[in-house]
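K.L.:
Please see the structure below; I have some questions.
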Amino acid sequence: MTQPQEAVHSRIWEETPEPDNPFAAATCYCAGYDVYGDLLGRASWAEYLYLLFKGERPSPSQARLLENLAVALANPGPREASVHAAMCGGTGGSTHASSLMAALAVGAGQLGGAHEVALAVAGWQSCGMDLAAWRERLQNPPEGDIDVWPPMEHPPGFDPHGAGCATPVRQTLAKLKESGNSDALAWLYEQRPALEALAGHPLSMSGVAAAALFDLGMDSDQAEMLYLLLRLPGAAVHALEQKEYGWRRFPFFAGGLKLVDDPGPKQV
């Protein structure tokens, strides 16, 4: 009796094995495109990323929007909690993977994190470009899945600590709406003052990212994953920098670090 062959089932990926090694792929297809024989050298990072998530080739405007969004999100900076977490790993001598995992863990939440973006995208899916619908959602927010996440303490996509909309947020929104394929971004640009008044808080970068990802056709889950991914470069380089500097030059809480028995610099 012939045993049935095991197969990996994927709408995204297909491989054919090397004739002399069934564990090595000879050709790899992503959504029907030969990755190493066709896409490599022709597709940009943003185009390939869109193909992986959506299963189809992006239009030029979609690729441009995703490329610009990736630049805007690549490094949130050391003030941002997920980058700060990676920096702590770097200055403390953690492995590189540990620093990135720290950034992912801290950046996954609901205060400027990826789950906040997912909730904001859900808002776009529900309200679209209807100001009355947004008024109702912002004033009477839906209940979340409290078994997994605690209730939101501020409207998703808005900064609960901001006095006004930060300059990089306004610059990013203005630039992204010019990318094309950006109806939600253009509407957000026009309605930002009204939405901020309804929310009682200024728009945040997570809110801009949510509108851009909605314009790109991403659902909440895809938006959450992409937001986590696109912010990792900044976490990586800041962790590497802090590893080089060491804890004595860590920019946060240096005045509170007091060693009773400091061994001094490491002797080489």
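Every number in this text was worked out from the coordinates using simple rules, so none of it is lab data. None of the values given here were measured: they were computed from a predicted structure. No Cβ is skipped: glycine too gets one built from the backbone with ideal geometry, and neighbour counts run over all protein chains shown.
K.L.:
Let me know the whole percent of all Cα-Cα pairs from the stretch 1-144 that are separated by more than 28 Å.
P.N.:
Counting pairs separated by more than 28 Å, the tail of P(r) holds 50 percent.
K.L.:
Just the C-alpha atoms of the stretch 15-69: what Rg/Rh do they give, with Rh taken as the Kirkwood radius?
P.N.:
1.10
K.L.:
Based on other C-beta atoms within 10 Å, arrange Val106, Val8 from fewest to most.
P.N.:
Least crowded to most crowded, the residues run Val8, Val106.
K.L.:
Which trypsin sites (Lys or Arg not before Pro) from the stretch 47-107 combine a DSSP loop assignment with at most 13 other Cβ atoms within 10 Å?
P.N.:
Passing sites in the stretch 47-107 are Arg79.
K.L.:
Ok, one more. Per DSSP helix of 4 or more residues, -39500 (n - 2.57); summed, then divided by the residues of the chain. What does that give at 222 nm, rounded to the nearest 500?
P.N.:
-15500 deg cm²/dmol
K.L.:
Name the residue, out of Ala184, Ala43, Ala86, whose mean-square fluctuation peaks in a Gaussian network model built on the chain with Cα pairs under 10 Å.
P.N.:
Comparing Ala184, Ala43, Ala86 in the GNM, the peak value goes to Ala43.
K.L.:
While we're on this one: Could you work out the Rg to Rh ratio of the stretch 85-193, with Rh taken as the Kirkwood radius (inverse of the mean 1/r over all Cα pairs)?
P.N.:
The Rg/Rh ratio comes out at 1.04.
K.L.:
Also: Remind me, relative contact order of the stretch 13-57 in percent, using alpha carbon pairs under 8 angstrom and six or more residues apart?
P.N.:
27
K.L.:
Can you give the charge dipole size of the chain about its Cα centre, rounded to the nearest 20 debye, using +1 on the beta carbon of Lys and Arg and -1 on the beta carbon of Asp and Glu?
P.N.:
Charge dipole, the chain, about its Cα centre: 1060 debye, nearest 20.
K.L.:
Once you've got the GNM for the chain with C-alpha springs shorter than 10 Å, pick whichever of Leu230, Leu65, Leu213 has the biggest mean-square fluctuation.
P.N.:
Answer for the Gaussian network model of the chain: Leu230.
K.L.:
Right, something else. Taking H placed 1.01 Å from N in the peptide plane, check which residues at least 5 places from Asp34 or on another chain put their amide H under 5 Å from its amide H.
P.N.:
It is Leu39, by chain and number.
K.L.:
Now, a different point. For the chain, report the convex hull volume of the alpha-carbon atoms normalised per residue, in Å³, without decimals.
P.N.:
Here the figure is 233 Å³ per residue.
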